[in-house]
1. For residue 207, indicate whether it is in contact (Cβ under 8 Å) with a residue 12 or more places away in the chain and farther than 23 Å from residue 24 by Cβ.
2. Are any of the residues in region 110-127 open to solvent by less than 60 Å² (accessible area, probe 1.4 Å) and either of a type in the set (D, E, K, R) or closer than 23 Å to residue 252 by Cβ (or both)?
3. State whether the residues of region 181-201 include one that is closer than 30 Å to residue 131 by Cβ, at pLDDT 95 or above and basic (Lys, Arg).
4. Kindly indicate whether residue 147 is open to solvent by less than 10 Å² (accessible area, probe 1.4 Å) and within 13 Å of the chain's Cα centre (by Cα).
5. Looking only at region 209-244, how many residues end up being open to solvent by 40 Å² or more (accessible area, probe 1.4 Å) and touching a helix residue (DSSP H, G or I) at 6+ places or on another chain (Cβ under 8 Å)?
6. Could you check, for region 133-156, whether at least one of its residues is touching a His at 6+ places or on another chain (Cβ under 7 Å), closer than 27 Å to residue 46 by Cβ and among the small types (Gly, Ala, Ser)?
7. May I ask you to list the residues in region 170-211 that are part of a helix (DSSP H, G or I), in contact with a Lys or Arg (Cβ under 6 Å, 6 or more places away or on another chain) and closer than 19 Å to residue 147 by Cα?
8. Right, residue 88: at pLDDT 95 or above, hydrophobic (A, V, I, L, M, F, W, C), more than 17 Å from residue 134 (Cα to Cα) and assigned to a helix (DSSP H, G or I) or not?
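The values are calculated or read from the model by the stated rules, or taken from the named source; none is laboratory data. Only a predicted model underlies this, so the values are computations on that prediction, with no experimental measurement involved. Reconstructed Cβ throughout: ideal geometry from the backbone, glycine too, with neighbour counts over all protein chains shown. What goes into the accessible areas is simple: the full protein's heavy atoms, side chains included, and nothing from ligands, DNA or RNA. Shrake-Rupley method; radii C 1.70, N 1.55, O 1.52, S 1.80 Å.
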Amino acid sequence: MLFEKENCVLLDGEYIFDSHAHYDDSAFDGDRDRLLTEMHGFGVCGIINCGADFASSEQSLFLSHKHPFVYAAVGIHPESADGYDEQAIRCLAADDRAVAIGEIGLDYHWDSVPRERQIAAFRSQVQLANELGMPVIVHDREAHSDTIDVLSELRPRGVVHCFSGSAEMAEQIVRLGMYIGIGGVLTFKNARRMVDVAERVPLERILLETDAPYMAPEPYRGHRCHSGYIAFVADRLAAIRQLTRREVLAASRKNVRDLFGV
């Protein structure tokens, strides 16, 4: 579902760089190419499309070769850690359209994969990223302590995406030299914790993201998300920080380019 452009008009110079999306997801099977072709009309100048397993990482690379403003991250999500193959990810990361290792990390919400296997796959992929000089895109769901332990020990460059921890944890991640990914949750009515994070994290350490097709912001919560919806997240962050939308989008865009080298 596309939002009506008049609901969130982007002015000249206000361009969106979505630091985390999944356009390989089956939710886009019916209109993927048409939607990506239309992204410039929503002010989108760049997208990092993130893999979650080998197949989706391959698809991310395919999309990045087909659409010049799309870049790929390749990696194994914790829910797919049982199928982790370091050499397979290494080969995908050698593609010149791959700009990060991700989406990787820990997810203790479902515990569908034993935690020790998740941690082993996470550590291996962070070490691979460090070896290759690439940033990581980290998934952390109800695994804050172990996530911090791995990041503190291995000290990668990267971002903790769809951040769900406390402001104190966010500040700890920033001290490690990493970025905080903020998306649609910031616009939710019960998002007090995320507002605290948005108030306290330096703007130069914030990346805006969608996690499309998931996590659509208000007023489209519950609908399929796409990169244009970042405009609503930017408006909320601008209000919190007493900035303009242009300033927020420009800062996030610079941060994405600095981190991923695009």
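1. So residue 207 does not fit the description; no.
2. Within region 110-127 (the criterion being open to solvent by less than 60 Å² (accessible area, probe 1.4 Å) and either of a type in the set (D, E, K, R) or closer than 23 Å to residue 252 by Cβ (or both)), the answer is no, since none of the residues qualifies.
3. no
4. Judged against the criteria, residue 147 is not a match.
5. Qualifying residue count, region 209-244: 10.
6. No; the residues of region 133-156 include none that is touching a His at 6+ places or on another chain (Cβ under 7 Å), closer than 27 Å to residue 46 by Cβ and among the small types (Gly, Ala, Ser).
7. Scanning region 170-211 gives a single hit, 174.
8. So residue 88 does not fit the description; no.
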